[in-house]
Amino acid sequence: MTLVVAGCAALTAAAAAPVDPPPRSRLDVVTARGELRVCSTGDYPPFTHLDPETGEWSGIDVEMARDLAARLRVRATMVRTTWKTLTDDFVAGCDIGVGGISVTPERARKAAYSKHSFVDGKAPVARCADVDRFTTLDQIDQPGTRVVVNPGGTNEQFARANFRRAAITVHPDNTTIFDEILTGRADVMVTDAAEGRYQSRRRPGLCAVRPDEPFTRTEKAYLLPLGDAVFQRWVHQWLDRALHDGTYHRITTPWTG
């Protein structure tokens, strides 16, 4: 009898103990705040672009983030970041990260990913007169070749992993980096084929090299809070719908032709 009473008392005490409520999903936080905070670099058209003169944001993924915010019935607030600090800035102050972000194991340590929205790969960009000089990795990786990269992202990682004999120069501004090639201060850059196509259409004398046969396969996706299954599921469903109901096509066409 004593054991039964003691057992009942223990159960009663356990039932009376306060239980911490489950953590709020970012979906609830964003809705209550009335704001979707969007981290992006602003220097990677056609995915993300910040006009330095007007302060206006544009790009495929910027417009997609705005569509996401509209579906949530909140405003989208853009938060400027850099490729080097992207993941840390996202974790510290954003709800989603966008802008041609490649899926990498390093980023996956601190953030989750949406379903991929775009598949691309690394390919060279060079002066049109030099296209035949830079069609393979071995042709690029030669003494005297000047490879230019933007700091902190997958372009720099790719260059340092593949080029041992070519000279690698880091140019801090991704919005002016292609001028380094056109003016002859650099010979080639290896970047995502989509960016190569975009820049070659807008800069006479610059050519994307083998953009339909890139050196790698890279999935582009959006950064999401780690461990938040509710928000991740909502974004997955939104993105799946946008990819199939014409939304993504409507947004990408002005940028990709």
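The values are calculated or read from the model by the stated rules, or taken from the named source; none is laboratory data. A quick note: this is a predicted structure, and the numbers were derived from the prediction, not measured. Backbone-built Cβ (ideal geometry, glycine too); neighbour counts: all protein chains shown. These area figures cover heavy atoms from the full protein model, side chains too; ligands, DNA and RNA do not enter into them. Shrake-Rupley method; radii C 1.70, N 1.55, O 1.52, S 1.80 Å.
Couple of notes before you dig in:
- Entirely in the range 164-221, the strands (runs of 3 or more DSSP E) that have 1 or more residues that are within 16 Å of V131 (Cα to Cα) and at pLDDT 95 or above: 188-192, 206-208
- For the range 24-36, the condition of being surrounded by 14 or more Cβ atoms within 10 Å (Cβ to Cβ), of a type in the set (A, V, I, L, M, F, W, C) and under 24 Å from T253 (Cα atoms) holds for none of the residues.
- Any hit, the range 88-99, residues being in a loop (DSSP other than H, G, I, E, B), more than 23 Å from R203 (Cα to Cα) and under 11 Å from the mean Cα position of the chain (by Cα): yes
Per-residue answers, yes or no, for (1) under 18 Å from the mean Cα position of the chain (by Cα); (2) open to solvent by less than 20 Å² (accessible area, probe 1.4 Å); (3) touching a residue at least 40 places away in the same chain (Cβ under 8 Å):
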| residue | (1), (2), (3) |
| --- | --- |
| I177 | no, yes, no |
| S200 | no, no, yes |
| C207 | no, no, yes |
| A221 | yes, yes, yes |
| D245 | no, no, no |
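- Answer residue from the range 66-98, given it is crowded, with 16+ Cβ neighbours inside 10 Å, of a type in the set (G, A, S) and free of Cβ contacts under 8 Å to residues at least 60 places away in the same chain and is farthest from R233 (Cα to Cα) among those: A76
- Residue count for the range 39-65, restricted to those that are surrounded by 24 or more Cβ atoms within 10 Å (Cβ to Cβ) and among the polar types (S, T, N, Q): 3
- Test: residue in the range 128-140 that is closer than 14 Å to K220 by Cβ and of a type in the set (S, T, Y): no
- Picking from residues in the range 103-134 that are among the β-branched types (V, I, T) and part of a strand (DSSP E or B), the one that is nearest to I251 (Cα to Cα) is V119.
- Count of residues meeting criterion [open to solvent by 20 Å² or more (accessible area, probe 1.4 Å), at pLDDT 95 or above and not β-branched (V, I, T)] in the range 122-156: 14
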